[in-house]
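This report concerns only the one structure given below.
Bear in mind these aren't lab numbers, they're just calculated from the coordinates by the rules spelled out. Because the structure is a prediction, the values reported are computed rather than measured. Ideal geometry is used to build each Cβ from the backbone, glycine not excepted, and the neighbour counts take in all protein chains shown.
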Amino acid sequence: MAYSTSSAAGQCVQNIINSLPGLLAVAVVDVTSGMALASHSNSPNLNPETAAAYNTEVVKQKQKAISALKLQGERIDDILITLSNQLHLLNLSEDGKKFIYLAVNSRDTNLAIARDVCRQEAELLK
């Protein structure tokens, strides 16, 4: 367990674990540094800290694309990456400084519920 529920990030991770007990991994990530502020994995093969670092680059590149396309007034709500058997969801906080990384088994988890849980928790990250 790489989190403490005394921090906002740790409480966010705990709330997601409580809402989606079958998740593979979850992390709250700082976009600037790429560091996981809190994380948890139910899979020995999925390191949420490593995923956080690589997915930070995905977020940064999409933010650059939005800027280059001059899409004023637009911001990233979430990014969905579908794998053969997994869904990876990146849900950004309103200010775009943090995101929730969530990995779930696509057969065991309803995408709409996972997105809603992440959206609710991202609202609490400031």
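The residue that is surrounded by the most Cβ atoms within 10 Å (Cβ to Cβ), among those in segment 113-126 that are out of contact with any helix residue (DSSP H, G or I) (no Cβ under 6 Å at 6 or more places or on another chain) and part of a helix (DSSP H, G or I), is CYS118.
Candidates are the residues of segment 103-112 that are over 14 Å from the mean Cα position of the chain (by Cα) and of a type outside the set (Gly, Ala, Ser); the one that is surrounded by the fewest Cβ atoms within 10 Å (Cβ to Cβ) is ARG107. Annotation note: Cβ proximity below 6 Å between a residue of segment 1-17 that is of a type outside the set (A, V, I, L, M) and a residue that is in a helix (DSSP H, G or I) (sequence gap 6+ or interchain) occurs for TYR3/GLY10; TYR3/VAL13; SER4/GLY10; THR5/GLN11; THR5/GLN14; CYS12/GLU121; ASN15/GLU121. Filtered by the rule that a residue be over 14 Å from the mean Cα position of the chain (by Cα) and under 16 Å from ARG119 (Cα atoms), segment 12-25 gives ASN18, SER19. Annotation note: Cβ proximity below 6 Å between a residue of segment 49-66 that is over 11 Å from VAL29 (Cβ atoms) and a residue that is loosely packed, with under 13 Cβ neighbours inside 10 Å and not aliphatic (A, V, I, L, M) (sequence gap 6+ or interchain) occurs for ILE66/GLU74.
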